[in-house]
Amino acid sequence: MFRLSHYMHDLVHGTTARPRRRSGPVRPVVIWNLTRRCNLQCRHCYTSSADVPFPGELSSAQAMAVLDDLETLRLPALILSGGEPLMRKDFFEIAEKARTACRYLALSSNGTSLAGPVADRIAEIGFDYVGISLDGIGGMNDWFRCKEGAYEAALAGIRDCLARGVKVGLRFTITQDTAAELPKMLDLCEAEGIDKFYLSHLVYAGRGDKHRGEDAELRRSREAIALLVERAYRAALNGTGPEIVTGNNDADAVWFLRWAEERFPAERVAALRAALEAWGGNSAGLGVANIDPQGRVHPDTYWSDYTVGNVKTTPFSVLWTGEDPMLSSLRQRPRPLKGRCGACAYRAVCGGNTRIRALQLTGDPWAEDPACFLEDGEIGVATAEPRLEVAPFRGKSHDPAHRFS
């Protein structure tokens, strides 16, 4: 996740400082998909969720055992996600125990079930943050999420959480269909007093892979980050507006750094670059981990075809600190990137961007990320080799027999 507002504030006010790199194993942010069941069928859903029971999901007792183990790791953050996590009958029991197992507890929801008494319970448990996914205003969101009335129900949930003092953020996935909604979503955040706006770029996983042909054109991705940088800059100057973050395309950070190079003194730009390199971009397998509904552990939420192990038989703490070959490869710095990603002058900033897109298109996790929207000349790549193109989904992704070399 690229914390645009954070870096913009430091850049504008001259407070950017290079953070220290941690020594020893990194304790990850764990995104835990509690269930695959969901009352919506969003076109970009990376878990292909639906409103049906899915066999093999963790029992209540197994979930509690996972929390006992996670507590020993002193996680920086735990995000309870789905499907729609609120559809688990034992959700609040899990949430109450999770509150004591980590420093920062978040909920990722579609928001349609959050109003009224549910918002009361969210506030009582003490969630630090609730992220609610919307893909446009009114009918656009309802069409994208295949449910009439989903927008109004989510908006009611947002308002009820805010009224109870719960920090709320909007999550918006940009595609060809939704790109025009971006300014409206930012305006909605300001009008409703929403704390955070999260722009997510499409990742080719689940139904998101089937709809990869609808990914936002590179030009639209550039326009989107330009708009977000403009809003973040205005907010940094005025001290108003929601916090802006982006995810799943770390080229956003490189675009921002180049924007800063044209407008700020060299010493501030140097400090910004140092901070961004210390952050390091894509953190799959290092600073981010995923536990899926059946207890399988993945490098992040989009790597469902690669499993480190299962918490039903081995504690997460053991799996994460073991000798898994994919985790070891993802933790390399620099990573063994190929193509224009390997030749990029900013690879220390973005970390090679989102590896799963390269894997889905080529079968090689170290190939170039086709969603990088920067031109060769902008990233110091001299080659005129043709770029990897995103072909429409034809019913089959590449075999995940990953090649590490």
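With the chain treated as a Gaussian network of Cα nodes joined by springs under 10 Å, which of His13, His201, His298 yields the largest mean-square fluctuation? Maximum fluctuation in the GNM of the chain, among the listed residues, is at His13.
For the chain, what relative contact order do you get, as a whole percent, if you take Cα pairs closer than 8 Å and at least 6 residues apart? Please report the intermediate quantities before stating the final value.
Working: 803 pairs, mean separation 75.5, N = 405.
Taking the mean separation of contacting Cα pairs over the length of the chain, I get 19 percent.
Structure remark: mean-square fluctuation, Gaussian network model of the chain, C-alpha springs under 10 Å; the largest value among Pro28, Pro117, Pro183 belongs to Pro117.
In units of the rule-of-thumb radius 2.2 N^0.38 Å, region 307-381 shows an alpha carbon radius of gyration of 1.31.
How large is the dipole of the chain about the Cα centre if only Lys and Arg carry +1 and Asp and Glu carry -1, each at its Cβ, rounded to the nearest 20 debye?
Values: 50 positive and 51 negative charges, 165 e Å.
That gives a dipole near 800 debye.
For the pair region 256-319 / region 75-125, the C-alpha centres are spaced 23 Å from each other. Sequence-ordered 3J(HN,Hα) estimates for region 52-58 from the Karplus curve with 6.51, -1.76 and 1.60 and θ = phi - 60° stand at 9, x, 10, x, x, 5, 4 Hz, glycine and proline given as x. Considering only DSSP beta bridges where both residues belong to the chain, give the percentage that are antiparallel (nearest 5). The antiparallel proportion sits near 15 percent.
Here the Karplus curve 6.51 cos²θ - 1.76 cosθ + 1.60, taken at θ = phi - 60°, turns the phi angles of region 81-90 into couplings of 9, x, x, 10, x, 5, 7, 6, 5, 9 Hz, with x standing for Gly and Pro. With every protein chain present, what is the per residue accessible area of region 70-113 (1.4 Å probe, Å²)? That works out to 38 Å² for each residue.
The values are calculated or read from the model by the stated rules, or taken from the named source; none is laboratory data. Model, not experiment: these values are computed from the prediction. Positions of Cβ are generated from backbone atoms using ideal geometry, with glycine treated the same way; all protein chains shown enter the neighbour counts. Heavy atoms of the whole protein, side chains included, go into the accessibility calculation; ligands, DNA and RNA do not. Shrake-Rupley method; radii C 1.70, N 1.55, O 1.52, S 1.80 Å.
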